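Derivation of every value follows stated rules applied to the coordinates shown; laboratory data play no part. Please read all numbers here as calculations on a predicted model, not as lab measurements. All Cβ positions, even for glycine, are placed from backbone atoms using ideal geometry, and neighbour counts span all protein chains on display.
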Amino acid sequence: MKHHSNKPMLIGLALLISSCLFSQNATISGKVTSNNESLEFVNIMLQGTEMGAITDLSGAYRITNIKPGTYKLIASSIGYKKEYQSIALKSGDALTVNFELTEENSELNEVVITGTMKEVSKLESPVPVEVYAAKFFKSNPVPAIFDALQNVNGVRPQLNCNVCNTGDIHINGLEGPYTMVLIDGMPIVSGLSSVYGLSGIPQSLVERVEIVKGPASTLYGSEAVGGLINIITKQPINAPLLSVDVFGTTWGEVNTDIAAKFNITKKAQSLLGVNYYNYQNPIDNNNDNFTDVTLQNRISIFNKWNFSRKDNRLFSVVGRYVYEDRWGGEMNWTSQYRGGNEIYGESIYTSRWELFGNYELPLKDRVMLQFSFNGHDQNSVYGDMPYVADQKIAFGQLTWNKELGKHDLLTGLTYRYTYYDDDTPATANFNNPNVNQASHTNLPGLFVQDEIWLNENNKLLLGMRYDYNSIHGSILTPRINYKWNSKDKNNVLRFSLGNGYRVANVFTEDHAALTGAREVEFLSDLKPEKSWNGNINFVKKIYTANGTFIGLDATAFYTHFNNKIIADYDTDPNKIIYDNLDGHAISQGISFNMDMALANGLKILLGATAMDVYSKENGERIQQLFTEKITGVWNLGYTFEKAGLNIDYTGNLYGPMRLPLLSDTDPRQEYSPYWSIQNIQLTKTFNNGLELYGGVKNLLDWTPNKGNPFIIARADDPFDKNVQFDADGQAMVTPDNPYGLTFDPSYVYGPNQGIRGFLGLRWSIN
């Protein structure tokens, strides 16, 4: 009986102990929002446990009975970036933890600056801006930004020479000189650097890349006819303390990116980046006795300073220096043959420095001073033809931004000074062609832009720019943009109409003019090119019941050129003839992007562009050289979260493009075939900030010599010593020259580097 009488007491004691223990456990509650709107069905998990909750219709959640300790709280939902918060719980704590999620897949709410020269969410921008985060470019690691853009729809890095592998960037079929490349909003890459200055920007310092397709001359002036590429570097405050990214390929390429930040004082932070690229392994897989890929030795040093000021006003200064030694040519070429006519080689020494910055004036309104200085020294030889050039550019811009009711005004004063000197006919003295004289170009300008909120769903942007070129006189460039969005902001329609202009400098922008393989001829003084562009852009977001997100982006574009300057390779195979077009040129087409994230973690990015780019003169329609009709890109990624393993499959596809032939008997294909570069990569992520990655580039082992008897014309006689010419200076058909050709490396439309493996390592300390 005594035993039975103690049983209720033992039960009561156990209940009392459990009640005490339960009272010591902790509780977490909070709310999840995005853009100040509550989010339902968001998963909230305590990492390492099976405890969690799902937000209700008001975005609220609650997790109870949590043992004291240190945890990582995770908020996740399809279509949004995961957010993490570290928490420490004590006995009896009732902690409130709120989350603000940002959309991951559509990226519509990211802050962009390129379209309107001021910060605005991507959703609210009346100008369509494409944003590519640094992570996008890591899916196919390359040594330079130039190569990284190959997987962006409508953007194509174009090689311009089979020998020295220089290139430029095409947007919607328009050649490189029509593309303005900015670094942190500054027009740094232009003139000489449009051919040689796109390398050496450390990818470890790139925060994101913003792309505007279509003219932006109203805000940015000349060279922004085809579009803008703005490379935005990391802020020191957000950068890791140290990051290292090193990879090599089976061809012998080695690329190293190192970045570190320093807190010099409480008010001064510095970000230092170094990029080193080396390739010294001559390879001739197509057996023409010429290097398939240019040998390079390049170092770039980048230093960014941010200074803390009262009221969070901006002050930043950036410096960059690049030195590159590259050569391509016959396999037995060495530097002792540089500039001679025994063994052919193209050797380029590039030394380039840049200094640029932003300073917000201590005024009530937002007034910003932007400045940049850069110098570019190029010492090069193309066979026995030298090209030595010196370019210096100074740029200053003062902008004032003011909101007045429904109007958001931006006005600016700009000034650009360009000094240029070289040893080509471009700077020859008119009265004495044997004497060269440097050119000095002054370009003051002013612009005004008014962004008008018509109502919650409609916005109008009006802009006008006036420039005075010291050589060509006054130039006006207006533009108008309109944006509509649905009430739920899942549908966005944009319309734009704008004018663009460009002042050409053939020898700084067109590598083919320098090779010496063809004589350069100008039929008249080149006038500035002018264009009108219109495009319509539609964006739609779709969220399905099974957790799949789909983002759609479609654009139709049309550009009409007057005074377009076209390099004529067809009239005379021994010449490149430059003149303003006596007619007009058209670039038109449609592009489509799809961004999909499946509930199982698979991410798919697809893009395609169909375009028609041609000129019309004297009733004759001519398709533009080196311009594909169809292009497609893709990026497929899947993460095995438990294993910390990610797989990326990237690629592009290009349709036929017209290529320059030297004669009617030239046996090479007049049109390129459909061709594709495809890559696969595996990445293993460790908890200590270490990543190992590797894979295969150019899986199909495609190179442009497939289907052609040769790529470089008369590679066995690069100085045309055995070519016989007729009375008109045309190459004759002889037993030694059965096709009547001269040496010419300009038949190039794709990279000449075949399949190769790569292996790399990334490591960062936060």
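Compute the Rg/Rh shape ratio of the range 687-766: radius of gyration over Kirkwood radius, all on alpha-carbon atoms. Don't jump to the answer; show the numbers that get you there.
Values: Rg = 22.3 Å, Rh = 16.7 Å.
So for the range 687-766, dividing Rg by the Kirkwood Rh gives 1.34.
Net charge near MET594: determine it from the other residues with C-beta under 13 Å of the C-beta of MET594, scoring Lys and Arg +1 and Asp and Glu -1. Kindly include the intermediate steps, with their values, before the conclusion.
Working: positive: LYS540, LYS541, LYS603; negative: ASP553, ASP595.
Neighbourhood net charge equals +1.
For the charge dipole of the range 672-766, defined by +1 on Lys and Arg C-beta atoms and -1 on Asp and Glu C-beta atoms about the Cα centroid, which residue among PRO745, ILE677, LEU759 has the Cα displaced farthest towards the positive pole?
LEU759
Quick one: putting +1 on the C-beta of Lys and Arg, -1 on the C-beta of Asp and Glu, what dipole do you get for the range 649-761 around its Cα centre, in Debye to the nearest 20?
Values: 8 positive and 12 negative charges, 160 e Å.
That gives a dipole near 780 debye.
Would you kindly state how much longer the chain becomes between ASN618 and GLN24 on full extension, computed as 0.36 nm times their sequence separation minus their alpha carbon distance, in nm to one decimal? Don't skip to the answer; put the middle values down first.
Values: separation 594, 0.36 × 594 = 213.84 nm, distance 8.93 nm.
Answer, rounded to one decimal: 204.9 nm.
How far, in degrees from 0 to 90, does helix 2-24 lean away from the longest principal axis of the Cα atoms of the chain, to the nearest 10?
Approximately 40 degrees, to the nearest ten.
Using a cut-off of 20 Å between alpha-carbon atoms, which lysines can reach LYS266, once sequence neighbours fewer than 8 places away in the same chain are excluded?
Correct list for LYS266: LYS234, LYS304, LYS310.
Which length gain, in nm to one decimal place, applies between TYR468 and THR33 when the Cα-Cα distance is subtracted from 0.36 nm times their residue separation?
On the way: separation 435, 0.36 × 435 = 156.60 nm, distance 4.97 nm.
Stretched fully, the TYR468-THR33 segment lengthens by 151.6 nm.
Need one number for the range 39-160: average projected area of the convex hull over its C-alpha atoms, nm².
Numbers: hull surface 45.7 nm².
So the Cα hull casts an average projection of 11.4 nm².
For ARG309, put the label point 7 Å out on the Cα→Cβ axis and report which residues of the range 378-408 keep their amide N under 17 Å from it.
396-402
Let's test the formula: R0 of 51 Å, r as the Cβ-Cβ distance of ASN297 and HIS440. What FRET efficiency results, to the nearest 0.05? Working shown, then result.
On the way: r = 33 Å, r/R0 = 0.66.
For R0 = 51 Å, the calculated efficiency reads 0.95.
Take peptides 142-150, 248-256, 261-269 and line them up by average Cβ neighbours within 10 Å, highest first, as a rough protection proxy. Walk me through the numbers on the way to the answer.
Numbers: 142-150: 21.0, 248-256: 17.6, 261-269: 12.9.
My ranking of the peptides, most packed first, is 142-150, 248-256, 261-269.
Starting from the Cα of LYS721, draw a straight line to each of the lysines and keep only those under 23 Å, dropping any in the same chain fewer than 8 residues away.
LYS575
Checking the cross-link filter: which lysines have an alpha carbon closer than 22 Å to that of LYS629, excluding same-chain neighbours under 8 positions apart?
LYS213, LYS564, LYS616, LYS706
Under unit Cβ charges (Lys, Arg +1; Asp, Glu -1), what dipole magnitude, rounded to 20 debye, does the chain have relative to its Cα centre?
Working: 64 positive and 80 negative charges, 930 e Å.
In debye, rounded to 20, the chain gives about 4460.
Taking the inverse of the average 1/r across all pairs of different Cα atoms in the chain, what Kirkwood radius in Å do you get?
Here the Kirkwood hydrodynamic radius works out to 28.7 Å.
Once you charge only the Cβ atoms, +1 for Lys and Arg and -1 for Asp and Glu, what is the size of the charge dipole of the range 111-231 about its Cα centre, to the nearest 20 debye? Before the final figure, lay out the partial values.
Working: 7 positive and 10 negative charges, 45 e Å.
It works out to roughly 220 debye.
In nm, what is the difference between 0.36 nm times the number of residues separating ASP488 and LYS90 and their Cα-Cα distance? Before the final figure, lay out the partial values.
Details: separation 398, 0.36 × 398 = 143.28 nm, distance 4.17 nm.
Roughly 139.1 nm would be gained on extension.
Kindly identify the range 111-231 as rounded, prolate or oblate by the Cα gyration tensor criterion: order the square roots of the eigenvalues as a ≥ b ≥ c, call it rounded if a/c is under 1.5, otherwise compare a/b with b/c, prolate if a/b is larger, else oblate.
On the way: a/c = 1.76, a/b = 1.27, b/c = 1.38.
Oblate is the answer for the range 111-231, as a/c is 1.5 or above yet b/c matches or exceeds a/b.
P(r) of the range 280-328 in 5 Å steps, Cα pairs, percent per bin?
5, 16, 14, 10, 10, 8, 8, 7, 7, 6, 4, 3, 1
Among TYR482, GLY547, LEU369, which residue has its Cα positioned farthest towards the positive end of the charge dipole of the chain, with +1 placed on the Cβ of Lys and Arg, -1 on the Cβ of Asp and Glu, and the dipole taken about the Cα centre?
GLY547
For the range 25-100, what log10 I(q)/I(0) values come out of the Debye formula at q = 0.26 1/Å, with one point per alpha carbon and no solvent?
Taking Cα atoms of the range 25-100 as identical point scatterers yields -1.26.
Using Cα pairs closer than 8 Å and at least 6 residues apart in sequence, work out the relative contact order for the chain, in percent.
Numbers: 2059 pairs, mean separation 73.4, N = 766.
Once normalised by length, the contact order is 10 percent.
I want the local charge near ASN285. Using Cβ-Cβ distances under 12 Å, sum +1 for each Lys or Arg and -1 for each Asp or Glu among the other residues. Numbers along the way, then the final one.
Details: positive: LYS706, ARG756; negative: ASP284, ASP288, ASP292, ASP701.
It works out to a net charge of -2.
Can you list the residues, at least 5 places off or on another chain, whose amide H is less than 5 Å from the amide H of GLY694, using H built in the peptide plane?
Sorted by chain and number, the residues that satisfy this are LEU682, GLY760.
Using +1 at the C-beta of Lys and Arg and -1 at the C-beta of Asp and Glu, which of ASN153, ILE188, LEU228 has the Cα lying farthest in the positive direction of the dipole of the range 111-231?
Ranked along the dipole, the leading option is ASN153.
Classify the range 589-667: rounded, prolate or oblate, from the alpha-carbon gyration tensor (a ≥ b ≥ c, eigenvalue square roots; a/c under 1.5 rounded; otherwise prolate if a/b is larger than b/c)?
On the way: a/c = 7.61, a/b = 2.56, b/c = 2.97.
The shape class here is oblate.
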